[in-house]
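The values are calculated or read from the model by the stated rules, or taken from the named source; none is laboratory data. Quick caveat: nothing in here was measured; it's all calculated off a predicted structure. Please note: Cβ atoms are built from the backbone with ideal geometry, for glycine as well, and neighbour counts cover all protein chains shown. These area figures cover heavy atoms from the full protein model, side chains too; ligands, DNA and RNA do not enter into them. Shrake-Rupley method; radii C 1.70, N 1.55, O 1.52, S 1.80 Å.
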Amino acid sequence: MRILVTNDDGIHAPGLETLEGIARTLSDDVWVVAPESDQSGVSHSLSLNDPLRLRQISEKRFAVKGTPSDCVIMGVRHILKDHGPDLVLSGVNRGQNVAEDVTYSGTIAAAMEGTILNVRSIAMSQAYGAGGRGAIKWACAAHHGPGVVKKILEIGIEPGIVVNVNFPDCEPEEVTGTSVAAQGMRNQALLAIDARQDGRGNPYFWLAFAKARFEPGHGTDLKAIAENRISVTPLRLDLTDEPTLTRFAQAFAE
């Protein structure tokens, strides 16, 4: 099995090293194509107005000056054009990608691009908590990742589906199980604007979530992570809402 590994945190991110380790438990034919720099939050964007600069680091390792989606396209359609990958693995992201994160995440977008290119694709993220980025428990993803990927491939991924996997903020032995979970929704009342001033008195702003108690919905990815469970969420590329489609069609036919 040929595996294409990518991410949105950049070619030097520790999560990419973790994902390479996961991939190498599945195959010895692992190729890495990742962004030169951090591309977190770029979603499914493409570089249409700038050239893509490709830098080869080693025999099967490349950096692209572009977005995660650019990296997958370069990997599938250029670097591996004569023998494409059988699987795209994206991540392991620095921080969870659940609920509304799905629409912003470059990690998930890379997996979506793989799915668009008819390659089975899985996005993987590692949650972290109060300890911050300096205390991320990468061992959780490293330990459980191979088994989760093998199970997903054994079950099968249908065309047009991308699988979103999130590992909880705990040590490997503290994981309480795996939940096949729905995409959750946060309380958007917690979304805040942090207004500040620079040294010259000019205003600038940070988007942030206020610290408050929030009860995630039952059966969601948010609930799974809160309970130290691995969440596995299948996402459909076709965003059409069938009930509304039918309702609109009936109304416009009148």
Within the stretch 20-45, track down each residue that is touching a helix residue (DSSP H, G or I) at 6+ places or on another chain (Cβ under 8 Å), at pLDDT 95 or above and open to solvent by 50 Å² or more (accessible area, probe 1.4 Å).
Thr25
Kindly indicate whether any position in the stretch 68-89 is closer than 18 Å to Ile161 by Cβ and open to solvent by 30 Å² or more (accessible area, probe 1.4 Å).
yes
Say we look at the stretch 114-131 and pick out the residues that are part of a loop (DSSP other than H, G, I, E, B) and under 24 Å from Gly75 (Cβ atoms); which of these is least open to solvent (accessible area, probe 1.4 Å)?
Val119
Cβ pairs under 6 Å, 6+ apart or interchain, first in the stretch 108-135 and under 17 Å from Val165 (Cβ atoms), second of a type in the set (D, E, K, R) and open to solvent by 20 Å² or more (accessible area, probe 1.4 Å), ordered by first then second residue, are Ala127/Asp169; Tyr128/Asp169
Among the strands (runs of 3 or more DSSP E) confined wholly to the stretch 153-250, which include 2 or more residues that are in contact with a strand residue (DSSP E or B) (Cβ under 8 Å, 6 or more places away or on another chain) and under 29 Å from Arg2 (Cα atoms)?
161-167, 177-180, 229-236
For the stretch 132-152 the number of residues that are open to solvent by 30 Å² or more (accessible area, probe 1.4 Å) and part of a helix (DSSP H, G or I) is 11
Total residues in the stretch 90-113, condition part of a helix (DSSP H, G or I) and either under 19 Å from Lys223 (Cα atoms) or touching a strand residue (DSSP E or B) at 6+ places or on another chain (Cβ under 6 Å) (or both)
8
Taking the stretch 98-112 only, how many residues are open to solvent by 10 Å² or more (accessible area, probe 1.4 Å) and either under 8 Å from the mean Cα position of the chain (by Cα) or of a type in the set (Ser, Thr, Tyr) (or both)?
3
Within the stretch 159-180, does at least one residue satisfy the condition of being at pLDDT 95 or above, more than 21 Å from the chain's Cα centre (by Cα) and open to solvent by less than 70 Å² (accessible area, probe 1.4 Å)?
no
Which condition breaks for Leu48 when tested against (1) open to solvent by 60 Å² or more (accessible area, probe 1.4 Å); (2) closer than 23 Å to Ile161 by Cα; (3) out of contact with any strand residue (DSSP E or B) (no Cβ under 6 Å at 6 or more places or on another chain)?
(2)
If we keep just the residues of the stretch 51-67 that are charged (D, E, K, R) and open to solvent by 70 Å² or more (accessible area, probe 1.4 Å), which is nearest to Arg133 (Cα to Cα)?
Lys65
